[in-house]
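Everything below concerns the one structure shown next.
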Amino acid sequence: MKIRILLINCFFIAALAFMVSCGQAGEKNGNGALGTSIAEKVYVAPGERDEQYGFLSGGYSGNLTVYGLPSGRLFKEIPVFSQFPTSGYGYSEETKPMLNTSFGFIPWDDLHHPDISQTNGELDGRWIFANGNNTPRIARISLSTFETEEIIEVPNSAGNHSSSFITENTEYVVAGTRFSVPVPQKDMPIKEYKSNFKGALTFIAVEPEHGHMDIKFQLLMPGFNYDLSHPGRGKSHGWFFFSTYNTEEASTLLEVNASQNDKDFIAAVNWKKIEEFVNNGGGTKMPANYAHNVYDESTHTAKSTMKTEVLTVNPSDVPGAIYFLPTPKSPHGCDVDPSGQYIIGAGKLSANITVHSFDKMLAAIEAEKFDGDAYGIPIINYDDVLAGSVQSGGLGPLHTEFDGRGNAYTTFFISSEVVKWKLGTWEVVDRKPTYYSVGHLMIPGGNSRKPHGKYLVAMNKITKDRYLPTGPEMEHSAQIYDISGEKMELLYDFPTHGEPHYAAGCNAELLVENSKKIYRIDENNHPYGIKSPADARVERDGNEVHIYMSTIRSHFTPDNIEGIKVGDKVYFHITNHEQDFDVPHGFSMIGQGTSEILIMPGQTKTSLWEPKRVGVWPFYCTDFCSALHQEMQGYVRVSPAGSNIELAWSLDE
């Protein structure tokens, strides 16, 4: 009986709870996304498109990820510094050269800070640049194709961290070293770091029409750690600003020894002055060895060139070009507001945010109000350059973005929040918690003169308890805030791939204008491409066999090949003759020992196979292309080495 009474009571309690919960769900004023209009703000109906695109760094994945805003939907992962089996990037013969470096083939990096090209300080939607932090490299990615077109290695650098940020007409993409190192590299005691190591700040010129990169000059700065950077804009166009830490020049136990000074520096570099010096023959050419890899869209093939020298500039050779702005304490973020007036230094060991004035900096320089120098570079008096300080009460300020309406937004890593404050008055007007340890943040157009101040994306470093807690590690997380009103409003969470660092975003309309949907067959100049399936054939040159192959729904031409021998090097040169948008074909060979490749409409790619066993081995299309996709296959007969079986193949038979 007691059990029966207990069950009846449980039933009534459950029924009451159900009725209460139903009532709450039906009320618009209830808590949570279902009780408000928040969900509507991120909902993109079937067939409709996101209004903005966000490009998030993939950190240790080496790639760049593309998300829709405000939906948070993942659209694409763009391979940049890492091999990518999904498309065969870094596996095909055409793209292997993209990952060449002076250290050899390195199919990985730690991608950090993407930045979109600009014209007159506004996003122009042509390219996005990103840095490889580990093996110093800068990549240029086409926003017409979402493919990596160029990678240049940065010599004399290590830990390419204060990169890659561009000037307001994309004159330069800048790469600053994190680790100072001996320049040139040599065998020397590490304890002799101080005054012997150098920090390279590299200015890479961008050719205006095609975007091709070339190192213009490299500043050899004192041996500090150069953390982050941003270009001047508007009135400060022509200057570049770099945060530094370890001005103590310690070489061991940096978590203690690099935090001794009350203030480190923001380095203000007048790059136009140095450019003029270089254009007039200044600078010293230094032997160097670095790779420059360029993808040719006409031949669909990358070429890697090793360069042998770089032009270096000693700061003392260009007086008046570089100054240090004292900034507390161990500044990390170094951000410039849309007007170019304010340079924000976020001391990661400081509770407050330091804001410098560009006008006051120029006045102090004019009046020569210096507080000593470091290695001959003048240090401007702190009070003479300070515009104000944001008394935030938060802990661990890192990065700042702007909404274009006179507001700034700063992330605080330790107190896990985004703080909104007013430029000019330094008044905190709002703050919202992030779920866990926020690092970077992004407002689309943030690094330009015209931010699109509708959404803010916060990128969290650690994501505990946000998703199903399976396994010791889970994806990091981003959060979208609506910043169109006076108060920030958290809209949505979505997982990210790799550790997200900086991001760049723009309106989707900007991308549509330049979007490329196919590669035209008549413009295909690949040396092994064929204009028609009728040109398909197989040719032998010693132990190399070249298969000129065509793919079109739902057939390979040729599809059955005989006369291949163990020990041959078989090159499948595959041209996709489709001219319809979004109809790639894949290719995979059993036991090939490399990734499949994906060939876009009108494109040619090459996959190398070195057969090691006799037999008859199938190949097939890996990307579903039609109702008869499963029938899209063929065979290669492999005979013993020394066999006299003649080459033969079938053509549409």
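The values are calculated or read from the model by the stated rules, or taken from the named source; none is laboratory data. Every value quoted in this text rests on a predicted model; they were computed, and no experiment measured them. Counting neighbours? That spans all protein chains shown, and the Cβs are built from the backbone with ideal geometry, glycine included. To get the accessible areas, we keep the full protein, side chains included, count just its heavy atoms, and leave off ligands, DNA and RNA. Shrake-Rupley method; radii C 1.70, N 1.55, O 1.52, S 1.80 Å.
Quick look at the values:
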| quantity | calculated |
| --- | --- |
| Segment K450-E610, extension gain: residue separation times 0.36 nm, minus the distance between their alpha carbons | 52.3 nm |
| Debye-sum result for the range 63-114 in log10 I(q)/I(0), which assumes one identical scatterer on each alpha carbon, at q = 0.17 Å⁻¹ | -0.58 |
| Within the range 451-535, chymotrypsin sites (Phe, Trp or Tyr not before Pro) in DSSP loop having at most 12 other beta-carbon neighbours inside 10 Å | Y467 |
| Highest to lowest packing among 39-51, 390-402, 132-144, scored as the average C-beta count within 10 Å | 132-144, 390-402, 39-51 |
| Under 12 Å from the Cα of K307 - aspartates and glutamates, other chains or at least 8 residues apart | E153, D214 |
| The range 489-548: trypsin sites (Lys or Arg not before Pro) in DSSP loop, at most 12 other beta carbons within 10 Å | R520, K531 |
| Order by protection proxy (mean Cβ within 10 Å, highest first), peptides 434-440, 172-178 | 172-178, 434-440 |
| Cα centroid of the range 33-96 to Cα centroid of the range 136-193, whole Å | 25 Å |
| Alpha carbon convex hull of the chain, projected area averaged over orientations, nm² | 38.3 nm² |
| Exposure rank, largest accessible area first [M474, M442; 1.4 Å] | M474, M442 |
| Sparsely packed trypsin sites (Lys or Arg not before Pro) within the range 275-360, loop by DSSP, other Cβ within 10 Å at most 12 | none |
| Peptides 579-589, 218-228, 72-82 ordered by average Cβ neighbours within 10 Å, highest first | 218-228, 72-82, 579-589 |
| For the range 451-512, alpha-carbon Rg over 2.2 N^0.38 Å | 1.31 |
| Net dipole in debye of the chain [+1 Lys, Arg Cβ; -1 Asp, Glu Cβ; about Cα centre; nearest 20] | 1400 debye |
| Charge dipole magnitude, Cβ of K and R +1, D and E -1 - the range 301-377, Cα centre, debye nearest 20 | 400 debye |
| Calculated diffusion of the range 212-296, Stokes-Einstein form, Kirkwood radius summed over Cα pairs, 25 °C and 0.890 mPa s, µm²/s | 157 µm²/s |
| Carbon/sulfur fraction of accessible area - the chain, other protein chains in place, 1.4 Å, % | 53 percent |
| Geometric extent, Cα atoms of the range 128-248 - Rg, Dmax (angstrom) | 14.8, 49 |
| Descending Cα extents along the principal axes, the range 257-396, whole Å | 56, 36, 35 |
| P(r) tail fraction, the range 407-541 - alpha-carbon pairs more than 23 Å apart, % | 51 percent |
| Helix runs (DSSP H) in the chain reaching 27 Å along axis by Cα, Kyte-Doolittle at least 1.0 | 2-25 |
| Mean separation of Cα contacts under 8 Å (6+ apart) over length of the chain, as relative contact order % | 11 percent |
| Two-site label geometry, N381 and K285: point separation in nm, points 7 Å out along Cα→Cβ | 4.6 nm |
| Unit charges at the beta carbon, dipole of the chain: most positive-side option, S243, V294, Y481 | Y481 |
| Candidate lysines - alpha carbon under 18 Å from K76, same-chain residues fewer than 8 apart omitted | K516, K517 |
| Square roots of five times the Cα gyration tensor eigenvalues for the range 588-653, Å | 24, 15, 12 |
| Helical contribution to [θ] at 222 nm, DSSP H n ≥ 4, -39,500 (n - 2.57), averaged over the chain, rounded to 500 | -2500 deg cm²/dmol |
| Radius 13 Å from Cβ of T247, net charge of other residues (Lys, Arg +1; Asp, Glu -1) | -3 |
| Values of log10 I(q)/I(0), in the order q = 0.17, 0.32, 0.35 Å⁻¹, for the range 540-580 under a Debye, Cα-only, solvent-free model | -0.51, -1.12, -1.23 |
| Compactness index (Cα Rg / 2.2 N^0.38 Å), the range 381-459 | 1.09 |
| Kirkwood hydrodynamic radius (C-alpha pairs) into Stokes-Einstein, the range 545-651, 25 °C and 0.890 mPa s, D in µm²/s | 177 µm²/s |
| Pair-distance profile P(r), taking every C-alpha pair of the range 522-608, with 5 angstrom steps and integer % | 3, 15, 26, 26, 18, 8, 3, 1 |
| Amide H within-cut-off set for G232, under 5 Å, with H built and near neighbours excluded | G238, W239, F240, F241 |
| Fraction in percent of alpha-carbon pairs per bin - 10 Å, the range 467-588 | 10, 24, 18, 18, 20, 8, 3, 0 |
| Å² per residue, accessible surface of the chain at 1.4 Å | 42 Å² |
| About the Cα centre, charge dipole magnitude for the range 511-637 (Lys/Arg +1, Asp/Glu -1 at Cβ), debye | 300 debye |
| DSSP-defined antiparallel bridges as percent of all bridges, the range 517-645, nearest 5 | 70 percent |
| Whole-Å semi-axes of the range 117-159's equivalent ellipsoid (Cα gyration tensor) | 23, 13, 7 |
| Whole-Hz ³J(HN,Hα) from phi, Karplus 6.51 cos²θ - 1.76 cosθ + 1.60, for the range 184-189, glycine and proline x | x, 4, 7, 7, 8, x |
| Estimated vicinal HN-Hα couplings, Hz - the range 345-355 in sequence order (Karplus 6.51, -1.76, 1.60; Gly, Pro = x) | x, 9, x, 5, 9, 10, 7, 10, 10, 9, 10 |
| Heavy-atom accessible area order for K487, K569, largest first, 1.4 Å probe | K487, K569 |
| Pair A367, D535: separation of 7 Å Cα→Cβ label points (nm) | 7.2 nm |
